[in-house]
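Student: Here it is, the structure in full.
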Amino acid sequence: MRAFLALALLVISFASQADVYEELYETAGWTEQRANFSDALTAAQQRYKDSLPPAVFQALVDNSNRRFASDAVDRRALQALREHLAEPQPALQFFQTPLGRKVVAAEVLAARREQLAQHVNGLPRMDAGSNRQLLIRHLAQAIPASAAGAEVSLALAGVAADSLSQMLPGILGGGQAQGLLNSQRERLVQQIEGDLDNTLLYVYRSLSDAELEEYLQFAQSAEGKAYYAAALQALRAGLAVGPDSVQAQQR
């Protein structure tokens, strides 16, 4: 009987833990950001419409829609979050606070289709005092914003490349493709970091200096570092960027 009770409690514990991951996924804005990505994907697809034969364009749309199907992206990202974040509760508690919700709202708003269209030629230069600039610089070092931006850019840029590789298999060897991907990733990270402080000043413009400092404290904490490290892995898994994307899509 004791063994049975222990097993039952263990199963309940695992089920509860799984619910925490799903709640964190929703509360931290992952579902909303995935919807923002879907809008960006549609725009990326349409850019090829007038330059490709209809059959090739339709193959591009079908392939990318299959790869980035909402349920598939959520499933891959959630699985990675479970694998890489041992304790989700601290992050969930932060994102459930008024400040956490404000952070998520600011991030989701900045990635919406109308916002991206409005600033297609670049963000406005943000004025900030020395204290705010310092907070933003530390925040840029604490959260993987440039790495995350590079992954999203690679995923969108890879829409046509994925279709080409499926129609002409073997055009690039695995090692060569991985080398090109890593080179692109490094270049994108450098480009994003070049204007990252101004980008974060714009994204978090609705936060006061005191709120920014509190957010920074979470991001720099052991719990915050664990969450953001896991979040980057979850993003990569969800977007399935790279030569192994076919295998990742099957997860």
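Student: For segment 50-109, how many residues meet the condition of being free of Cβ contacts under 8 Å to residues at least 40 places away in the same chain and polar (S, T, N, Q)?
Tutor: Going through segment 50-109 one residue at a time, the tally reaches 6.
Student: Further question: Could you list all residues from segment 203-239 that are among the aromatic types (Phe, Trp, Tyr) and surrounded by fewer than 17 Cβ atoms within 10 Å (Cβ to Cβ)?
Tutor: As a first pass, look at segment 203-239 and keep what is among the aromatic types (Phe, Trp, Tyr): 204, 215, 218, 227-228.
Once the filter is applied, which keeps residues that are among the aromatic types (Phe, Trp, Tyr) and surrounded by fewer than 17 Cβ atoms within 10 Å (Cβ to Cβ), segment 203-239 yields nothing.
Student: Now for a different question. Name the pairs whose Cβ atoms lie under 8 Å apart, with the first residue in segment 191-215 and in contact (Cβ under 8 Å) with a residue 12 or more places away in the chain, the second open to solvent by less than 20 Å² (accessible area, probe 1.4 Å) and not in a helix (DSSP H, G or I), and 6 or more positions between them or separate chains?
Tutor: LEU212/TYR204; TYR215/TYR204; TYR215/LEU207
The values are calculated or read from the model by the stated rules, or taken from the named source; none is laboratory data. Predicted model, so just to flag it, every value in this text is computed and none were measured. Methodologically, a virtual Cβ is constructed for each residue, glycine included, from the backbone with ideal geometry; neighbour enumeration extends over all protein chains shown. With ligands, DNA and RNA removed, areas are computed over all heavy atoms of the protein, side chains included. Shrake-Rupley method; radii C 1.70, N 1.55, O 1.52, S 1.80 Å.
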